[in-house]
Amino acid sequence: MSTTTIAPATSPGGMDLTGQKLSLTTLAAIGAGAVVATVLLYVVAPIDSKIQFVLIAGALYLIGQSVASGMVEGARKAVDRFVTTLVYLAFLLALIPLVAVLASVIAKGAQRVSYDFLTTSMRNIGARDAGGGIYHALVGTLEQIALASLFAVPFSMLVAIYLVEYGRGRISRTISFFVDVLTGLPSVIAGLFILSFYLLALNQNPSGFAGALALTILMIPIVVRSTEEMLKLVPNELREASYALGVARWRTILKIVVPTALPGIVTGVMLAVARVAGETAPLLLTIFGNDAINFNPFSGPQSALPLYIYSQAGAPQQVAVDRAWAAALTLIVLVMLLSAIARVAARFARVR
Amino acid sequence: MNIGKRQVAVMGLAMSAVLGVAACGSDNNTASPSSTAGTATGAISCATGSIVASGSTAQKNAMDEWVKKYQTACSGSTINYQAVGSAAGKQAFVDGKIDFAGSDSAISGDQATSAAKRCTGGQLVNLPMVAGPVAVIYNLAGVKDLQLSAATLAKIYSGAITKWNDPVIAADNPGLTLPSTTIVSVHRSDGSGTTDNLTKYLAGAAASDWTFASGSDWKAPGGQGSKGSDGVTATVKATAGAIGYVELSFAENASLSTAKIKNGAGEYVAVSTEATSKGVSTAKVAPAPDLKLTFDYTATTPGAYPIYLVTYEITCTQGLAASQATLVKSFLTYTSSTNGQAAIADLGYAPLPTDLASKVSSVVATIS
Amino acid sequence: MSSESDGQGAGSPRGNGPPALKKPVSGSAHARVSPADLIFKNVTRAAGIGLLVLIAAIAAFLVIEATSALQANTGNFFTTTEWFPNASPPVFGIAALLFGTVLTAVIAMIIAVPVAVGIALFITVYAPRRLATPLAFIVDLLAAVPSVVFGLWGLIVLVPRMNGLQQWLTDYFGWIPLFSTDDGLVGRSIFVASIVLAIMILPIVAAISREIFLQVPNPHKEAALALGATRWEMIRTAVLPYGKPGVISASMLGLGRAMGETIAVALVLPASFNISWHILSPAGNTIAANVANGFSEANPIGRGALIASGLVLFIVTMLVNIMARAVIARRREFSGAT
């Protein structure tokens, strides 16, 4: 750990020309000291948790390093080192759950994923049968996400463009405010809304389309908010340069502003897709679920991966629980793939 | 916008690649022959078409099995049952979105009135179809064959008893050494027919110790909630001193100890499907066609396991669309037949007592 | 709206170059509004208004569906801690649920936002350029994990592992009311649920913060470094002030998600209806988790009650956003001095 921590000390700063510097050995010594101190603490007051061992050792290292640096290199450098270590720790801390969650999904899911699993449905699979697959759910999820993105992304981008480029005054503030409020809407309420509005009031039957509508509601605030943030960050000089060349405002927005912000916007869209791809509750009420393949999102019940995971994970049979983990792995890989594709596409489209 | 076009093209290409990976998906899962399929299919008189149904999660495994057997025997039929919960299923039936509802409790009151509007010319019926025991599971190292009476169970779940070595528990278990571990009582945090039937049992067999109302929501204070039977099972398994209640198949699959429960005859009966069938046979059946059951927890039938749940199929004898009605009738005829009931016996369900099953069959026969 | 103000205000949160420069830009090129411009503007405005209509429709629906349940309620909706809407007569109140919702979400924010900002800084400032993209990708991966999986992981993996830490906290810091327990038991607590929520909102806060830090104009950073600033001083003077409104906005998204998360919380928390500050005790419930728990077996009144609770959540996010906006507004004078 201490070796990684030292790395940035060699990068630019201009500080290294004068004054003394903590050597790598000193930092290693502090690191070792922190671990030893934690072990001692462990002996004095029993600690029966690994998490906490790491936390205490990290905190001790942080203190030791700051004190040492403060004495040798001066206060400014000490603070810099402190923050550097803190940032590294934050990243490592985030990696722990990520690795843990992914490891359990991969470990439990990989053994069940196979060509058969990806290409068969659950039709005629009884409770004890080990067979069956996710093809029907995969088809459903892809179609529902595609539809939801089709509705949500252009709409949300228009809203964001309005808010950033045109919006002044009360309407714009109101819209911006309610976008944030929409993020707090429990996903099941979005499902209930579509249920009562589209399925009951308009007397439609459950379908992939109804599910996509519910997912659209959940995607909108994320896409609007992130697009808005990215558009705001496009430097005004770019707009002004474009106007100076006599380019009309709308063309400036579509040709200069949006493409400049595109990588960030794509990140936002992918986050929104990732978020809704794993939503169970709104789909339960709107797409009904189906064990057989249904390619048509506009007619007849469909299944979806999160719904599939949810129902299989709750079953008593181990074969079903195995299917749930394998489906979860597939879902993560799927979102990853879509995200990677979107990034590549965004790079192509980027204005250089 | 030529930039956009290129982007769209790349996206489209990638999307089709993703779909292409599994482009040859199939619904054909009949390749693996099931050992019992041959014997069961002979009796089915097939109908074709497709119906949708939803409701009780407790009968999901039974439905999956029946649907599989039925669809295998009758090509051209599709039955889509989704386990969304009993109340949601009943509501969907009232809303006219499904052809029959599976439910842990009979439909009644306002809901029955609005549902009956669908049954023009016929009647709204509750058909008992799937019965099963509620197992009491516990996690107590070294303690096997725990025996509990209704009163003791009520005291545990109401919080009147907090330690496993409490004299009340010891009185039920002569000769058993009990640890002083704190009892962690685990109940369902989501609304559930299992909770409904356990609390009905506690209220019916130990009224003086169980002062909380029965129902699908847990009403007693204290204890820990857990979502779904899988959640209860996981929590009990992970917590020393925990006790919980789940459907039999969850207890068996998690290999957790189950308690013997004292019945009206004074015996401590281990949980089993046969003992449950005996228990269900003590229930009072409402006159046909609406075969609602009323449980009698004080019946003195020997060998009967007293905590069970019976789930219903709710549908109309007339008023469904003609094509759907034929398939509903054909499917429910199969499920209430001896073959149908036998098909689900090793999934932790108890076959309906024969006279009850034949009453159900005769009501199903009137569907048109 | 005149073309003058239109041109000048473009992307205005930090759009404050010297006024002398601005006037000719907007004035000369856009003295007249072209029809295409007008159409485009109105299309975007229509979308914005469409969004308001959608939200109004959702809100109206929530109110309509909740009314009959609230009328049937025999308890005080705001002070009752019980939740028995399916009983007759129905008794239910939002107090305990609201308390749990706010508490879990706030703790999750306290954990997640600093870590997320740390991650964003690591990726944009500290990590080698070649590593930055894959690292960002890895963090985004967290967003793809379905919430059911987080819930199962939390229940089966995290809860047992956290017992040691929770026990230690209550043993040594139990004198702080927050860390004391009801009867010595720790387990599926608000604390663990908050950690699960923190992990779940981490990617969204980190990803947006990251994108914002990436947009900090290089001249700002270089100027700071050229003046002899350490890396931290550069971050403090150039990166953070520029990114602060965006980070707050990202945090609000995270908070919204934390409060609205249903299934993961429903799986982890034991769904008890009490108000207790003992965050290590196995107790607690949230509005969204309660909806997930109660929906499938709710009768019409029960469903209305759940929708009423959803309405409360809607209003709470509104209040939170008003507060966040106040914070951002106070920062608005800051100028990025382009």
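The values are calculated or read from the model by the stated rules, or taken from the named source; none is laboratory data. Not measured: the values here are computed from a predicted model. Using ideal geometry, Cβ is built from the backbone for each residue, glycine included, and neighbour counts are taken over all protein chains shown. Protein only, heavy atoms only, side chains kept; ligands, DNA and RNA dropped before computing areas. Shrake-Rupley method; radii C 1.70, N 1.55, O 1.52, S 1.80 Å.
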Check whether at least one residue in the stretch C:79-97 is surrounded by fewer than 17 Cβ atoms within 10 Å (Cβ to Cβ), touching a residue at least 60 places away in the same chain (Cβ under 8 Å) and of a type outside the set (Ser, Thr, Tyr), and report yes or no. yes
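Confirm whether residue C:173 is aromatic (Phe, Trp, Tyr), assigned by TED's automatic domain parsing to the domain that holds residue C:146 and surrounded by 21 or more Cβ atoms within 10 Å (Cβ to Cβ).
Numbers: aromatic (Phe, Trp, Tyr): yes; assigned by TED's automatic domain parsing to the domain that holds residue C:146: yes; surrounded by 21 or more Cβ atoms within 10 Å (Cβ to Cβ): no.
Spelling it out, it is not the case that residue C:173 is aromatic (Phe, Trp, Tyr), assigned by TED's automatic domain parsing to the domain that holds residue C:146 and surrounded by 21 or more Cβ atoms within 10 Å (Cβ to Cβ).
Looking only at the stretch C:198-216, count how many residues are facing another protein chain (nearest Cβ under 9 Å) and in contact with a Ser or Thr (Cβ under 7 Å, 6 or more places away or on another chain).
Of the residues in the stretch C:198-216, the ones facing another protein chain (nearest Cβ under 9 Å) are C:198-199, C:202-204, C:206-208, C:210-212, C:214-216.
Filter once more, keeping what is in contact with a Ser or Thr (Cβ under 7 Å, 6 or more places away or on another chain): C:207-208, C:210-211, C:214.
Adding up the residues that qualify gives 5.
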Determine whether residue B:242 is within 11 Å of chain C (Cβ to nearest Cβ), modelled with pLDDT of 90 or more and touching a helix residue (DSSP H, G or I) at 6+ places or on another chain (Cβ under 8 Å). yes
Suppose we filter the stretch A:261-305 for residues that are within 20 Å of residue C:262 (Cα to Cα) and facing chain C (nearest Cβ under 8 Å); how many remain? 9
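Can you find a residue that is closer than 19 Å to residue A:285 by Cα and open to solvent by 20 Å² or more (accessible area, probe 1.4 Å) anywhere in the stretch C:313-321? Steps first, answer last, please.
Initial filter on the stretch C:313-321 (closer than 19 Å to residue A:285 by Cα): none.
No, the stretch C:313-321 contains no residue that is closer than 19 Å to residue A:285 by Cα and open to solvent by 20 Å² or more (accessible area, probe 1.4 Å).
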Please go through the stretch C:183-214 and pick out each residue that is within 28 Å of residue C:260 (Cβ to Cβ) and either of a type in the set (Gly, Ala, Ser) or assigned to a loop (DSSP other than H, G, I, E, B) (or both). C:186, C:187, C:188, C:189, C:193, C:194, C:198, C:206, C:207, C:209
The stretch B:211-226, subset over 24 Å from residue C:185 (Cβ atoms) and not hydroxyl-bearing (Ser, Thr, Tyr), residue farthest from the chain's Cα centre (by Cα): B:213
Every residue from the stretch C:235-248 that is surrounded by fewer than 24 Cβ atoms within 10 Å (Cβ to Cβ) and facing chain A (nearest Cβ under 9 Å): C:236, C:242, C:245
Failed condition for residue C:101, given (1) part of a helix (DSSP H, G or I); (2) in the same structural domain as residue C:308 (by TED's automatic domain parsing); (3) open to solvent by 10 Å² or more (accessible area, probe 1.4 Å); (4) out of contact with any Lys or Arg (no Cβ under 8 Å at 6 or more places or on another chain): (3)
Hey, can you tell me all the residues within the stretch C:299-312 that are open to solvent by less than 10 Å² (accessible area, probe 1.4 Å), under 14 Å from residue B:191 (Cβ atoms) and within 9 Å of another protein chain (Cβ to nearest Cβ)? C:302, C:306
Residue B:178 fails exactly one of (1) within 26 Å of residue C:187 (Cβ to Cβ); (2) part of a helix (DSSP H, G or I); (3) among the hydrophobic types (A, V, I, L, M, F, W, C), namely (2)
Which residues, taken from the stretch C:144-168, are under 12 Å from residue A:331 (Cβ atoms) and in a helix (DSSP H, G or I)? C:144, C:147, C:148, C:149
In the stretch B:226-237, the residues that are touching a residue at least 24 places away in the same chain (Cβ under 8 Å) and among the hydrophobic types (A, V, I, L, M, F, W, C): B:232, B:236
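So in the stretch C:41-78, with the set limited to residues that are farther than 20 Å from residue A:220 by Cα and free of Cβ contacts under 8 Å to residues at least 60 places away in the same chain, which one is surrounded by the most Cβ atoms within 10 Å (Cβ to Cβ)? Walk me through it before giving the result.
First, pick out the residues of the stretch C:41-78 that are farther than 20 Å from residue A:220 by Cα: C:63-78.
Pick out the ones that are also free of Cβ contacts under 8 Å to residues at least 60 places away in the same chain and you get C:64, C:71, C:74-76, C:78.
Working: C:64: 12, C:71: 9, C:74: 12, C:75: 18, C:76: 12, C:78: 10.
Ranking the qualifying residues of the stretch C:41-78, first place goes to C:75.
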Residue A:323: open to solvent by 10 Å² or more (accessible area, probe 1.4 Å) and either modelled with pLDDT of 90 or more or more than 18 Å from residue A:135 (Cβ to Cβ) (or both), yes or no? no
State all residues of the stretch A:111-133 that are over 14 Å from residue B:27 (Cβ atoms) and in a loop (DSSP other than H, G, I, E, B); if no residue qualifies, say none. A:111, A:112, A:113, A:114, A:126, A:127, A:128, A:129, A:130
Among the residues of the stretch B:189-230, what is the count of those that are at the interface with chain C (Cβ under 8 Å from one of its Cβ atoms) and of a type in the set (A, V, I, L, M, F, W, C)? 1
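Could you tell me whether residue A:185 is assigned to a helix (DSSP H, G or I) and touching a residue at least 12 places away in the same chain (Cβ under 8 Å)? Spell out how you get there, then give the answer.
Working: assigned to a helix (DSSP H, G or I): no; touching a residue at least 12 places away in the same chain (Cβ under 8 Å): yes.
Considered against the rule, which asks whether it is assigned to a helix (DSSP H, G or I) and touching a residue at least 12 places away in the same chain (Cβ under 8 Å), residue A:185 comes out as no.
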Could you grab me the full set of residues in the stretch C:288-298 that are crowded, with 24+ Cβ neighbours inside 10 Å and in a helix (DSSP H, G or I)? C:288, C:289, C:290, C:291, C:292, C:293, C:294, C:295, C:297
Per the list (1) surrounded by fewer than 17 Cβ atoms within 10 Å (Cβ to Cβ); (2) closer than 18 Å to residue A:309 by Cβ, residue check on residue A:101 breaks on (1)
Out of the residues in the stretch C:259-280 that are more than 10 Å from chain B (Cβ to nearest Cβ) and over 21 Å from the mean Cα position of the chain (by Cα), state the one that is surrounded by the most Cβ atoms within 10 Å (Cβ to Cβ). C:280
Out of the stretch A:309-346, which residues are touching a residue at least 60 places away in the same chain (Cβ under 8 Å), outside any loop (DSSP other than H, G, I, E, B) and more than 10 Å from chain C (Cβ to nearest Cβ)? A:319, A:320, A:322, A:323, A:326, A:330, A:342, A:345, A:346
Failed condition for residue B:252, given (1) outside any helix (DSSP H, G or I); (2) modelled with pLDDT under 90; (3) away from chain C (no Cβ under 14 Å): (1)
Looking at the stretch A:105-118, is at least one residue surrounded by 23 or more Cβ atoms within 10 Å (Cβ to Cβ) and within 14 Å of chain B (Cβ to nearest Cβ)? no
Pick from the stretch B:335-355 the residues that are open to solvent by 10 Å² or more (accessible area, probe 1.4 Å) and outside any loop (DSSP other than H, G, I, E, B): which of them is nearest to residue B:308 (Cα to Cα)? B:345
Unmet requirement for residue B:119, which otherwise passes all of (1) crowded, with 24+ Cβ neighbours inside 10 Å; (2) not in a helix (DSSP H, G or I): (1)
Only listed residue being out of contact with any Ser or Thr (no Cβ under 8 Å at 6 or more places or on another chain), at pLDDT below 85 and open to solvent by less than 20 Å² (accessible area, probe 1.4 Å), chosen from C:143, C:127: C:143
